[in-house]
Amino acid sequence: MVKLRALKRRTEIERLWGQGKRIGSPWLLLVVLCREGGGEEMGYLISVSRRRVRRAVARTRLRRLLREAVRRVVQEYEHRELPLAATALVWRAALGWEEVRRLRLGDVLPQIRELFQRACAECR
């Protein structure tokens, strides 16, 4: 089973941004670093820009929603090999508080699932 851990070291984050592959959708950008060897850990980073979502409450809600979606998608790969060493999920759409408040896990989960499928196909 793949264990998720938050990326916190500057060197890890810079390596992800510098060497990672970018896969986009209208709302999200996924930056992935392919796994070179074995391992059961995957680092992740969630980013919601203040420029895109102005209110702090909305940004926090989006981060929580995206983190839960990533956790569920990674759980789906429990019995298969996940070829990703690290991922960064970046919110791209500009939304107001009312739109964020109405947003549910079911709205973002299919997009994140599709991005992860494309990323895994590129890393293999």
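The shape of the chain can be summarised by an equivalent ellipsoid whose semi-axes, obtained from the alpha carbon gyration tensor, come to 24, 16, 13 Å from longest to shortest. Mean sequence separation of contacting Cα pairs (under 8 Å, at least six apart), scaled by the length of the chain, corresponds to a relative contact order of 36 percent.
The GluC sites (Glu not before Pro) of segment 76-124 that DSSP puts in a loop, and whose beta carbon has at most 13 other beta carbons within 10 Å, are Glu78, Glu81.
Of the beta bridges DSSP finds with both residues in the chain, what % are antiparallel, to the nearest 5?
Values: 11 of 21 bridges.
If we restrict to bridges inside the chain, about 50 percent are antiparallel.
Here, each number is a calculation from the coordinates, and none is a lab measurement. All values derive from a computational prediction rather than experimental measurement. Methodologically, a virtual Cβ is constructed for each residue, glycine included, from the backbone with ideal geometry; neighbour enumeration extends over all protein chains shown.
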